[in-house]
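Notes for the one structure printed next.
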Amino acid sequence: MLEVIVQRGTTEASRTDRFDVPARDSQTVLDVVTWIQQAVDPTLSYRFSCRVGMCGSCAMMINGVPRWTCRTHVSRVVQNGRLEIAPLRNLPVIKDLVTDMDPFFDKWVAAEARHHPTRGRLEDSDPITANSPDRAEADLGIECINCGICYAACDTVAGNPEYLGPAALQRAWTLLNDSRDANRSGILAAVSGKGGCHNCHSMGSCAQYCPNALNPMRAIAGLKRETVKAALRRKRDA
Amino acid sequence: MKQPPRSHPLWLAFVLHRLSGLTLALFLPAHFWLLSQAITAPARLDGFLTLAEHPLVKVAEFGLVFLLAVHMFGGLRLMALEFLPWSNRQKTLAAGAVGVALFLSGTFFLRAI
Amino acid sequence: MLDLRLYMLQRLSALVMAPLVLGHIAVMIYAIQGGLTTAEILGRTQGSLLWFLFYGLFVVAVSVHAAIGLRVIVHEWLGLGGMVLAALTWGICAPLLVLGLSAAFAVTLP
């Protein structure tokens, strides 16, 4: 038997419930949550989709660590037969294990972390040079699936609600290095505001916990460098 | 909510940088005020300097020198991380900053006692 | 909270201080042996323009650096923001500057 403590309710009114869940071989944390909902408490809310680590929707705090529940085996994280499951940190809770991802994606947009095309849909696509240094740098970050784990791991996000966070800034960095993105200055301006990349303290929890082994800290350092370079250039040309 | 266990090396380097900076900033006003007495009230400054012969004060001074050195070398690591080409050796560099700081403050301590 | 301008000020003041801190540590290691006296300190620094420039620049850089650093800590740990935070930043920078420069003057004036 596993002793499973689940955080319930909303940000304003949260409590914990205890469930005894049968232990199984090759059991994932998502299996545990699903078992609770199907066998004990159908009112338990949680979010998942693909179950294979592609969609990025099932991230939760497992014993205090942000993880994809679908790719986390209970045997790897259980402590003395006990699992604590809570919604992702640094986000408002809608109900139980379901967080409101709006702030996360609003910041994604605020960082201009969206494609600004160089060509229209009727034109031929703009070929990329796979082995150029810029492309190689962009490639380091493009496997992000916006699961929010780095955002939950980051203490700077926790202390500074305006901070755009590792995921949005990393995507901004991949676009800045993408030859097919037409708004370099717009991206640099968007990541230079009050909540921008300069708030990062390089503590590296984003890189530490990213399930895809990406390194947003490195991307954010790149943004800091490029924003400073652009500012110095502006000063020189002024 | 339970906080993530963040005791990975770079997080510890961050905490060390923040706490050393905070301590140094809080120490500065006293440091400045005391030195400003050098001409107007040299006896008071000398009084404090004699106090520095106390072993506990020497340990505290060692601590301050360590914090100053570790804040500087840790800060240089951060600026290298931000402005030089990326290096994957951040944990080694952070440990190196602590090592050099310990060496310098240790040298200071051995000269002080 | 920390925009590009404050960030650049923070890094610039840090870069300025790096050699100064090294010099300061070297002086401390050199001077601490056998204890310190006011006369000893003044004997080294009094009437020296070079030491005044050294410590004067150090004081200016550290006042800026400490004010921005404390601003970040106060925002992240105490949740203060807006005008209060701006006032606090200046309220840290200005007194440090005054105290520090008076100390630099005190030990270097002829």
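The values are calculated or read from the model by the stated rules, or taken from the named source; none is laboratory data. These figures come from a predicted structure and were not determined experimentally. Ideal geometry is used to build each Cβ from the backbone, glycine not excepted, and the neighbour counts take in all protein chains shown.
On the given criteria, is C:V64 more than 14 Å from chain A (Cβ to nearest Cβ), in contact (Cβ under 8 Å) with a residue 40 or more places away in the chain, assigned to a helix (DSSP H, G or I) and buried (at least 19 other Cβ atoms within 10 Å of the Cβ)?
Spelling it out, C:V64 is indeed more than 14 Å from chain A (Cβ to nearest Cβ), in contact (Cβ under 8 Å) with a residue 40 or more places away in the chain, assigned to a helix (DSSP H, G or I) and buried (at least 19 other Cβ atoms within 10 Å of the Cβ).
Search the range C:77-110 for residues being touching a residue at least 60 places away in the same chain (Cβ under 8 Å) and over 26 Å from C:V21 (Cα atoms), and hand back the single one that is nearest to the other protein chains (Cβ to nearest Cβ).
C:G81
Of the residues that make up the range A:79-87, is at least one buried (at least 21 other Cβ atoms within 10 Å of the Cβ), modelled with pLDDT of 95 or more, away from chain C (no Cβ under 14 Å) and part of a loop (DSSP other than H, G, I, E, B)?
The answer is yes; a qualifying residue exists.
Which ones in the range A:188-212 are assigned to a helix (DSSP H, G or I) and either out of contact with any strand residue (DSSP E or B) (no Cβ under 7 Å at 6 or more places or on another chain) or within 12 Å of chain C (Cβ to nearest Cβ) (or both)?
Answer for the range A:188-212, where residues must be assigned to a helix (DSSP H, G or I) and either out of contact with any strand residue (DSSP E or B) (no Cβ under 7 Å at 6 or more places or on another chain) or within 12 Å of chain C (Cβ to nearest Cβ) (or both): A:L188, A:A189, A:A190, A:C197, A:H198, A:N199, A:S205, A:C206, A:A207, A:Q208.
Of the conditions (1) assigned to a helix (DSSP H, G or I); (2) under 16 Å from the mean Cα position of the chain (by Cα); (3) not assigned by TED's automatic domain parsing to the domain that holds A:I149, A:C55 fails just one. Which one is it?
(1)
Considering only the range C:1-55, how many residues are of a type in the set (S, T, Y), free of Cβ contacts under 8 Å to residues at least 60 places away in the same chain and either within 14 Å of chain A (Cβ to nearest Cβ) or outside any helix (DSSP H, G or I) (or both)?
2
I'm trying to understand the selection: among the residues of the range A:132-186, which are within 14 Å of another protein chain (Cβ to nearest Cβ) and hydroxyl-bearing (S, T, Y)?
Residues satisfying the conditions are A:Y151, A:T156, A:Y163, A:S185.
Looking at the range B:94-104, which of its residues are touching a Gly at 6+ places or on another chain (Cβ under 9 Å) and either within 20 Å of B:L51 (Cα to Cα) or more than 11 Å from every other protein chain (Cβ to nearest Cβ) (or both)?
Passing the criteria: B:A97, B:V98.
Could you give me the residue pairs with C-beta distances under 6 Å whose first residue belongs to the range B:78-97 and is free of Cβ contacts under 8 Å to residues at least 24 places away in the same chain, whose second residue is in a loop (DSSP other than H, G, I, E, B) and not aliphatic (A, V, I, L, M) wherever it lies, and which are 6+ apart or on separate chains?
B:L81/A:S202
Residues of the range A:1-52 being in a strand (DSSP E or B), within 15 Å of A:K95 (Cα to Cα) and not β-branched (V, I, T), which ones?
Correct list: A:Q7, A:R8, A:G9, A:S14, A:R15, A:D17.
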